[in-house]
Amino acid sequence: MVCKIRKWAVSDAKDLTSAISNKKVQDNLRDGLPYPYTERDGVDFISAMLSADENETFAFAITVGDKAIGSINACRQGNIHRRAAELGYYIAEEYWGKGIATEAVRQTCRYVFENSDIIRIYAEPFAHNLASCRVLEKAGFQYEGTLRSNAVKNGRIVDMKMYSLLKKENGSCRSISLF
């Protein structure tokens with residue numbers, strides 16, 4: 001299955017709502033998302049992403065056949081970490097296990113490294129989210145360690161894992177352009 005990342009369109013709100021209004025998806029994300037997620041929530045999120053500073057927030061829809069099936073973004077960090085970005089992503093459950101998230105991560109990293117001064121992209125999946133850890137590993141990220149008792153999710157104290165990809169490690173990837 002072929003996926004592409006592209007800029008968000010407000011018309012993606014319905015597809016976004018369908019992808020994220022799933023407890024299994026939300027259980028692997030940080031808190032703060034409404035559940036159930038409404039189309040209005042989708043419009044608000046997309047509007048925020050479209051108005052964000054494009055050198056600070058690299059936000060894309062993950063698409064299959066131009067249908068938005070998930071979201072991916074890399075957010076520039078501040079102060080001494082200003083050349084690092086944190087990566088976050090999710091896809092609709094029916095697309096799990098098909099290599100789509102891995103390809104979206106590769107495309108996003110390629111885009112960020114080619115279009116900014118970012119030198120490090122990192123991600124912190126929950127340690128129990130083995131599928132997300134595998135996505136990062138397949139995309140070339142290095143495991144750096146476990147962040148013990150690093151979060152509280154669904155009332156449980158959980159570990160997170162730290163993965164990173166450096167710009168110098170991503171040099172062999174082909175260029176990407178967004179439409």
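The values are calculated or read from the model by the stated rules, or taken from the named source; none is laboratory data. Please read these numbers as outputs of a predicted model, since none were measured by experiment. Positions of Cβ are backbone-derived with ideal geometry, glycine not excepted, and every protein chain shown enters the neighbour counts. Accessible surface is based on the protein model in full, side chains and every heavy atom, while ligands, DNA and RNA are left aside. Shrake-Rupley method; radii C 1.70, N 1.55, O 1.52, S 1.80 Å.
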| task | Calculate I(q)/I(0) for segment 83-179 by the Debye formula, one identical point scatterer on each C-alpha and no solvent, and give its log10 at q = 0.21 Å⁻¹ to two decimals. | result | -1.09
| said: I'm checking a number: the convex hull volume of the Cα atoms of segment 37-137, normalised per residue, in Å³. What is it? | reply: 124
| note | In deg cm²/dmol, rounded to the nearest 500, the helical mean residue ellipticity at 222 nm of the chain, built from -39500 (n - 2.57) for every DSSP H run of length 4 or more, is -8000 deg cm²/dmol
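Averaged across orientations, what area in nm² does the convex hull of the alpha carbons in segment 90-142 project? Walk me through the intermediate numbers first.
Numbers: hull surface 15.5 nm².
For the Cα atoms of segment 90-142, the hull's average projected area reads 3.9 nm².
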| Restricting the count to DSSP beta bridges whose residues both fall in the chain, what percent are antiparallel, rounded to a multiple of 5? | 90
| remark: If each part is reduced to its alpha-carbon centroid, segment 5-43 and segment 53-113 end up apart, in Å, by 14
| request: Once you have all Cα-Cα distances for the chain, histogram them in 10 Å bins from zero and send the whole-percent values. | output: 10, 38, 40, 12, 0
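How many Å² of accessible area per residue for the chain, probe 1.4 Å? Walk me through the numbers before you get to the answer.
Numbers: 9340 Å² over 179 residues.
Accessible area per residue: 52 Å².
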| field | Label-point gap, in nm, between Ser47 and Val158 - each point 7 angstrom along Cα→Cβ | value | 3.0
| task | Can you spot the lysines whose alpha carbon is less than 19 Å from Lys168's alpha carbon? Ignore those fewer than 8 places along the same chain. | result | Lys138
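Measure off, as a whole percent, the carbon and sulfur share of the 1.4 Å-probe accessible area of the chain, all protein chains present. Please list the in-between numbers first.
On the way: 4630 of 9340 Å².
Whole-percent figure for carbon plus sulfur exposure: 50.
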